[in-house]
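The values are calculated or read from the model by the stated rules, or taken from the named source; none is laboratory data. What you see is a predicted model, and the numbers here were worked out from it, not measured in a lab. In this analysis, Cβ positions are derived from the backbone assuming ideal geometry, glycine residues included, and neighbour counts consider all displayed protein chains. When the accessible area is computed, the model is the full protein with side chains, heavy atoms only, and any ligands, DNA or RNA have been set aside. Shrake-Rupley method; radii C 1.70, N 1.55, O 1.52, S 1.80 Å.
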Amino acid sequence: MPTVTTAYTADSSRYDELLGADGSVRDHWRSLIGRLETSNADANRRGVELARRLIVENGVTYNVYADPQGRDRPWQLDTLPVILPADEWHTIATGVAQRAQLLDTLLADIYGPQRLLTEGIVPPELVFGHPNLLWPCRGLNPAGGRWLHVYAADLARAPNGQWWVLGDRTQTPSGPGYALENRRIVSRVLPQALDELRVRSPVGFFAALRDQLLSQVDDDELPLAVVLTPGPFNETYFEHAYLARQLGLALVEGADLTVRGDTLYLKTFAGLRRVHAVLRRLDDDFCDPAELRSDSALGVPGLLQVVRAGRVVLSNALGSGVLESASWLGFLPPIAEWLGGEPLALPSVATWWCGERPALEHVIAHLDDLVIKPTFPNQRFEPVFGRRLDRKARAALIQRLRARPYAYVAQERVALSQSPAWGPTGLMARAMSIRVYAVATPTGYQVMPGGLARIAGDTTADVVSSQRGGGSKDIWVLAGDAEDESDASVTTGRRRGRSEDLPSRLVENLFWMGRYAERCEGKARLARATLALETRSESWKQAINSCAHFGVLAAKSDLLTSLFDLTHAGGVAADLRRLEWSATQARSRLSAEHWRAIGVLQRQYHEAASSRSDARETLDRLVLALSGLAGFALDDMQQDDGWRLLMLGRRLERVQFLSTLIGLRLVIATMPLRTELEWWLEIAGSTVTYRTRNVDSARLTPVLHLLIRDGQNPRGLAFQCAETRAVLNQLRVSGSVGRDDAFDRLADLDDADFGVLEGAGYTAIAARQAFGQRLLALSAAATDLSDWLSMRHFSHTEDALQVVAA
C-alpha cells in the first residue's frame, strides 16, 4: 500500500534531512511522519490547499522582478516543515550569535581605527573597493554603540552533515517576517503536531527587536521608532508592513521623515514628532540623497547628519552593507582569531578571493570543484559552476579571471541537503538551505529559534533563491529538556514606545481608503438600482445620466460593459483598485481579517469580470462585501485620529454622492417621478425605512425628509453632516486640525420647506431648483473640506512647521 514517503528517494551524494544512511526515518521526524501516514491523502491535500488560500487571503506576496504577476505574486510555502533537534540547533545558534558579534566588531574597526588593514589581515581592496563602503561614515560612532542590530546567516548542510555558512546578511536582512507568517500558517495546518513535538516559538525574537529599538533613548522623551520602507513596489513590501504591525511601529517612507537641525522628525497628523530609532528596509546608499546617492528619491536628506550627532538609532547602521560580499568568508577565520581570540564555531564554506595570486592559481587548477561568484554585489552575473563548462567556456572564464582577478570569488561547491516537500503523489525531495536570524540585546545576540528554509524547484539544484522561483518552509526547532518552547523575550523594563503618532501619509491614505470604500459602494448601489429599472421608462434616462455623471457609465459604452471595464478610469473597477492601493499604503494599521476582506472583495470582482457573471448578482455581492468593510471600520480599528479621518472620508464621500445625486435631478424643471423617488430610496438603502414609516407610495416631501433631514437615518444627509461635525470637533479638541466652518454653515438644511417643492407650477419649480443648488453647494463644500484637510494637515511645509513634544 503506498504511503506519503513512497515517492521519496534518497540521494547518496547529498545529506537527507528525513532519512538516515540506512534509509530509515530519522528519530526527530518520526512523530510527524507517523501522523501524516495515519491521515488520508484528502486530509493532507486539504492542508496544502488551506495554506495556499491563507497566503492569498492574507496578501502574502513576494515580487519577483519581471514576473507577470508583478507585486501580487503569492509567497510560496511548503507546509511540511524542516525539523531540527535541540542539540543540533544549539550548535547553529551558538555559531550564529558568535558570528554576529564578530561582524559587529569588524564594522567598528572598518569605520574606526582600521587595525585589520594596518596589520595586513584584510586586503585593502576588499574594503576600499566595495561599493557599499560609505566614506562619509568614517569615524562614525553609532548611537547605542551597535552597528549590527539584526543579522542573518545563510547556511547549507554538506553531505557529511556539517552546517556551513554560505553568506552573511548585514545591511537589511530580509525574511524574519516571512518566517513568522510561515509559522502562523503552518500552525493552522499542523496544530497538533506543533504541540506534540514541543516546537519553540519565534515570537521572542520580535519582542527583543522592538525592545532593542526603544531602549536606546537617553533623555526623558517617550521613544518613537519607525520602520522605513522603499514603498509598495519593493519585492518584500509585504514583510515591511507585516513587521511594522508585529512590532507596533509606524511604517514610513522617506517622504514621511524630515530633518531639522540634528534631529529626525516624523510628519504626523498633529505635527512633527521626533524619531529616536529607525528599522530600515532601505539600502545604505539610498538613505540620504544629500551625502550618499544624490539621485535617491527614497531617503531622507540630512539623515547622516543626525546619525553623526548620535540623535537616532539606525538598525542596521549606515555602512553595514560593506560586509555583504562572499570574499569576506575566506578572511573571517583569521579575523575571528585576531579580534575575538577564538575560532569560528560555525565554519564558512571554503572561499578564495582571486585578487591574491596564490588563490587565483588554486582556483584555476581546481575549477571543476568550485563556483565562481562576483566579489561585490553591484557586479551583475550569475554564479558559474566550473563542472558545467565545456572547453571553450572554461578557457574564456580563465581569461576573465586573469584579466580582472579582484572581481571574482571562488567557493567550494556544496551539494545542498535535500528535504521532503509535498508533491503531486506525496513527498518529494527538494534541495534546501536555511536563513537564521539574530538580534542584538543588552546581553549579547539572541538567535531566533527557527528561521526561513528555502527550497529549490528540484533536488539537483545548486542554488536556492526566491528570485529564481524557489519556495519556503517553516523551521521547527525542538525544545530540549531544559528549554521552554514559548521563548518569551525578557524585556529591559524601558519605557514603552509611542504608538499614537500617525504619519501624515498614513492618515491621508486612511482618509482616502474611507472615501474610495464609500465611493465604490455608492456606485455599486447606483448601478444595481439602475439595472432594476425599465429601460424604456423616463426614469431610466435620468438614471443613465446619473451613471454617466458619476463615472459608472463610460462614454460610448453600455452599463453592463462599463461595470466590468478594467480600463475605464472612472468606473467601479478602477475605484476598487484605488481602494486596494490606499489599503496597501495603510496596511500596517489594518487587522489580518480586514486586509483579507479587501483582498477577497477584489478577487471576487475580477473573477466576475473575467467570467462575465450576472451583473446584478455581482453587484449584490459587491455591496455586501463593501458593507462588511464598513463593519470592520467601525468595530475592528483603534479609534484614534487615523480612524476618525477614515470615517470622515466615508462621511464626506456619502455627502458628496447623495447631495449631488438629488441636487442634479432637482435643478431640472420637471417633477421627479415616483419611480425615480423609489430609485433614490434604493440607492440610499432606505427603502425599508420609508415603507415602515409611510403607508402611501413614494412622494417627494417624505422622501426628501428621510434622505436629507432625518437625523436618525444612518444613510441620510443629516446624519452624515452631524457625524462630520462631531469628528471635526473631536479633531479640533485634540489639536489635530484647525478650524474651517464653511462646511458647518452649508450643512445646515433645517430651514428648507419641502412642502413647496411639490407640484408642476412655477413656484414649485423655482423652489426645487433653488434647493437643488443648495445641495450642489453642500457637495462642493465637502470637496473643499477634503482639499483643505489635504493642504493643511496631510503635508508639512516650511510655512506650516509645527513641532509637537512627546
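Here are a few things to note about the model shown:
- Other-chain or far-sequence residues with amide H under 5 Å of Phe269's (modelled H): Leu502, Ser504
- Based on DSSP H segments of at least four residues, each scored -39500 (n - 2.57), the chain has a per-residue ellipticity at 222 nm of -13500 deg cm²/dmol.
- Coupling constants for segment 113-125 follow from the phi torsions by the Karplus curve (6.51 cos²θ - 1.76 cosθ + 1.60, θ = phi - 60°), and in residue order they are x, 6, 5, 5, 6, 4, 7, x, 7, 10, x, x, 4 Hz; glycine and proline get x.
- Which of Thr79, Trp422, Ser537, positive extreme of dipole for the chain (C-beta unit charges): Ser537
- Residue-wise HN-Hα coupling along segment 232-238, computed from phi with Karplus coefficients 6.51, -1.76, 1.60 (Hz; x: Gly, Pro): x, 8, 5, 4, 10, 4, 3
- Couplings 3J(HN,Hα) for segment 632-639, derived from phi with the Karplus relation 6.51 cos²θ - 1.76 cosθ + 1.60 (θ = phi - 60°), are 4, 4, 6, 10, 10, 10, 5, 8 Hz, where x marks Gly and Pro.
- Ratio Rg/Rh, restricted to the chain and using Cα atoms, in which Rh is the Kirkwood radius: 1.05
- A P(r) calculated from all alpha carbon pairs of segment 358-453, with 5 Å bins opening at zero, reads 2, 10, 15, 15, 12, 12, 12, 11, 7, 3, 0, 0 percent.
- Around the amide H of Val226, modelled in the peptide plane, lie the amide H atoms of Ala277, Val278, Leu279, all under 5 Å away and 5 or more residues distant in sequence or on another chain.
- Carbon-plus-sulfur accessible fraction, segment 255-313 (probe radius 1.4 Å, protein heavy atoms only): 45%.
- 5 angstrom amide H check on Thr441, placed H, neighbours 5+ away: Gln446
- Where the chain is the region considered: accessible area per residue in Å², 1.4 Å probe: 40 Å²
- Order of exposure, largest accessible area first, which applies to Ser13, Ser417, Ser294 with probe 1.4 Å: Ser294, Ser13, Ser417
- Lysines with Cα under 16 Å of Lys556, excluding same-chain neighbours fewer than 8 positions away: Lys541
- Net charge dipole size for segment 537-655 [Lys, Arg +1 and Asp, Glu -1 on Cβ; Debye, nearest 20]: 220 debye
- Packing order of peptides 75-84, 89-98, highest average first: 75-84, 89-98 (average count of other Cβ atoms within 10 Å over each peptide's residues).
- Added length on full extension, which subtracts the Cα-Cα distance from 0.36 nm per residue, Arg198 to His362: 54.3 nm
- Charge context of Leu553, other residues only, Cβ under 13 angstrom, K/R +1, D/E -1: +1
- Fraction of accessible area attributable to carbon and sulfur, segment 1-125 (%, probe 1.4 Å): 52 percent
- Separation of the Ala41 and Leu624 label points, Cα + 7 Å toward Cβ, nm: 3.5 nm
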